[in-house]
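Report on one structure; see the data block that follows.
The values are calculated or read from the model by the stated rules, or taken from the named source; none is laboratory data. Only a predicted model underlies this, so the values are computations on that prediction, with no experimental measurement involved. Ideal geometry is used to build each Cβ from the backbone, glycine not excepted, and the neighbour counts take in all protein chains shown.
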Amino acid sequence: MESSKLVTVLARQGEEILSEWLREQAATVRRRGLMKDTEVREEASELLRLLRAAVQADATGDLDAPGWREMRELLGRMSRTRGELGFNPSETATFVLSFKSPLFRRLREAHGPDAGAFSARPQVETVDANN
């Protein structure tokens, strides 16, 4: 799928993707009390904004490219901050990776057969910190 389609979905449906992502988090994996809901929303909004900017800046998908620097920095900050707050690495990784479920759903809805690279039923990945 070309990056322009991803950017379009992120721009047009970003708020819906964000809301769905946060709803799913609240219903499944998020531990209450470690972060305020407003902090989680701000962090997720920033991730969404930086993803869109990175895809616009670098259509190659090379995550080491300069266009992805801010996204890499945010992920590093999230990891450190969440660790300091008491989240384990699996919880942080699950939070980030669970973003793909609502994103892929929107991509399939928007682009039908052109979104064939995205599975019909994306699974939220979990990461075992012990491995």
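Against the criterion of being of a type in the set (D, E, K, R), over 15 Å from the mean Cα position of the chain (by Cα) and modelled with pLDDT of 90 or more, residue 106 does not qualify. Being of a type in the set (A, V, I, L, M, F, W, C) and part of a helix (DSSP H, G or I): is that true of residue 34 here? No, not satisfied.
Do we have any residue at all in the stretch 77-84 that's closer than 16 Å to residue 54 by Cβ and surrounded by 13 or more Cβ atoms within 10 Å (Cβ to Cβ)? Taking every residue of the stretch 77-84 in turn, at least one turns out to be closer than 16 Å to residue 54 by Cβ and surrounded by 13 or more Cβ atoms within 10 Å (Cβ to Cβ). For the stretch 92-106, filtering for residues that are aromatic (Phe, Trp, Tyr) and assigned to a helix (DSSP H, G or I) leaves 2.
Quick check on the stretch 62-82. Is at least one of its residues small (Gly, Ala, Ser), in contact with a Ser or Thr (Cβ under 9 Å, 6 or more places away or on another chain) and over 20 Å from residue 10 (Cα atoms)? Checking the stretch 62-82: at least one residue is small (Gly, Ala, Ser), in contact with a Ser or Thr (Cβ under 9 Å, 6 or more places away or on another chain) and over 20 Å from residue 10 (Cα atoms). Only residues that are polar (S, T, N, Q), modelled with pLDDT of 85 or more and surrounded by fewer than 18 Cβ atoms within 10 Å (Cβ to Cβ) were counted across the stretch 13-65, and they come to 4. Only one of the listed residues (54, 65) is in contact with a Phe, Trp or Tyr (Cβ under 6 Å, 6 or more places away or on another chain) and more than 22 Å from residue 109 (Cα to Cα). That residue is 54.
Residues in the stretch 57-66 that are over 23 Å from residue 92 (Cα atoms) and touching a residue at least 12 places away in the same chain (Cβ under 8 Å): 1 in all. The set of residues in the stretch 42-79 that are of a type in the set (Asp, Glu) and within 20 Å of residue 21 (Cβ to Cβ) comprises 42, 43, 46, 70. Could you please give the count of residues in the stretch 41-86 that are in contact with a helix residue (DSSP H, G or I) (Cβ under 6 Å, 6 or more places away or on another chain) and among the β-branched types (Val, Ile, Thr)? Final tally of qualifying residues: 1.
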